[in-house]
Each structure stands twice: as C-alpha cells, then as structure tokens.
1. How many residues does the stretch 120-139 hold that are surrounded by 11 or more Cβ atoms within 10 Å (Cβ to Cβ) and either at positive phi or modelled with pLDDT of 85 or more (or both)?
2. Could you list all residues from the stretch 6-44 that are under 19 Å from ALA83 (Cα atoms) and of a type in the set (Ser, Thr, Tyr)?
3. Name the pairs: first residue in the stretch 98-112 and assigned to a loop (DSSP other than H, G, I, E, B), second residue surrounded by 11 or more Cβ atoms within 10 Å (Cβ to Cβ), Cβ to Cβ under 8 Å, at least 6 apart or on different chains?
4. What do you reckon, is ALA40 over 21 Å from GLU143 (Cβ atoms) and at pLDDT below 85?
5. Listed residues LEU138, LEU89; which is under 21 Å from the mean Cα position of the chain (by Cα) and either part of a strand (DSSP E or B) or within 30 Å of GLY36 (Cα to Cα) (or both)?
6. Which one is farthest from the chain's Cα centre (by Cα), of the residues in the stretch 62-85 that are modelled with pLDDT of 85 or more and under 28 Å from GLU34 (Cα atoms)?
Amino acid sequence: MNAILQLEPTWQQWIANNINRGVAYHKIINTLFERGFYGAAYELMSQQSGTINIPYMDMSHNSIVLPDKTVRLASTFYPPFVAVIEGFLSHKECDQLISSAEGNMRDSRVVSPVDGTFAEHDARTSKSHGFQRGATPLITTIE
C-alpha cells in the first residue's frame with residue numbers, strides 16, 4: 001500500500017504542488033506530521049532521502065499480515081515512528097539474536113546535538129550492537 005495515495009486527492013495535490021514549487025522536503029514532512037498523516041510523512045522521508053527505506057505499515061488495523069504469520073500491533077508512537085509488535089519474533093529467534101550479538105556489545109552512544117555524530121556519554125549506561133544488513137539468515141528474514 002502507498003500511504004500518500006491513501007490521502008485525500010487535495011492533500012496529494014498539495015504535496016505535488018509544493019514539491020514542484022521547490023518547497024524543502026522537511027517543511028512538507030513537518031506539515032504532514034502536524035496534520036496526523038504519519039504514514040505519508042514517513043513515506044515521503046523515505047522517497048526523498050534515497051538512503052533510508054521506511055516501510056509503510058497500515059496502522060488502521062490491529063494486526064499486520066506477514067508472509068509467514070499475522071502479528072498484532074500492541075501500540076504505535078509518532079514521531080519518531082515506533083511500533084510495538086507482539087509475536088514478531090519467537091523465543092528461539094530472540095535467543096538467536098542475543099547469541100549473535102554476544103561478544104560484539106559496545107557502550108551505547110548518543111547523537112551529538114552540535115554535529116549529528118555519535119559519541120559516548122556518561123549518561124548512557126546501556127550496551128548495544130547493530131547488525132549489518134543480511135549479517136545472518138535471521139537478520140535477512142527480519143529485513
């Protein structure tokens with residue numbers, strides 16, 4: 001599904017007109033967020049960035065049908081977009097992720113408000129690990 005195409009035609013035209021006029025994408029996206037069009041805002045972010053791919057999820061229902069199962073949306077938050085999805089991973093898959101991350105955990109970092117780089121900070125006490133795309137068969141399945 002396409003979140004922008006689900007908007008009323010007047011909003012679709014508003015987006016197209018503003019893009020054609022050269023209005024900065026972040027201004028269009030901010031307006032979409034302010035009006036509650038979260039899916040369209042994230043879709044436009046994904047389209048214009050070229051580097052991130054934010055999948056569209058139809059949040060009008062309490063479940064998402066995946067190729068191998070149906071999972072329940074427990075809650076969603078905007079912005080930033082966060083979805084709590086029940087049953088997305090099995091206990092075995094969670095154990096696999098934890099096992100794959102062991103030995104690779106590093107101190108979590110924060111984003112510098114000055115230049116946007118990542119830096120360690122005393123306020124962060126957690127550890128984390130980020131997987132590369134396709135790093136394991138399970139990561140590929142999750143993606």
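The values are calculated or read from the model by the stated rules, or taken from the named source; none is laboratory data. Just so you know, these numbers come straight off a predicted model, no measurement behind them. FYI the Cβ positions are ideal-geometry reconstructions off the backbone, even for glycines, and counts take in every protein chain you see.
1. Within the stretch 120-139, residues that are surrounded by 11 or more Cβ atoms within 10 Å (Cβ to Cβ) and either at positive phi or modelled with pLDDT of 85 or more (or both) number 8.
2. The answer is TYR38, TYR42.
3. Every condition considered, the pairs that remain are ASN104/HIS129; MET105/LYS127; MET105/SER128; MET105/HIS129; SER108/ARG124; SER108/LYS127; SER108/SER128; SER112/ALA119.
4. No, not satisfied.
5. The match here is LEU89.
6. The residue in question is ARG72.
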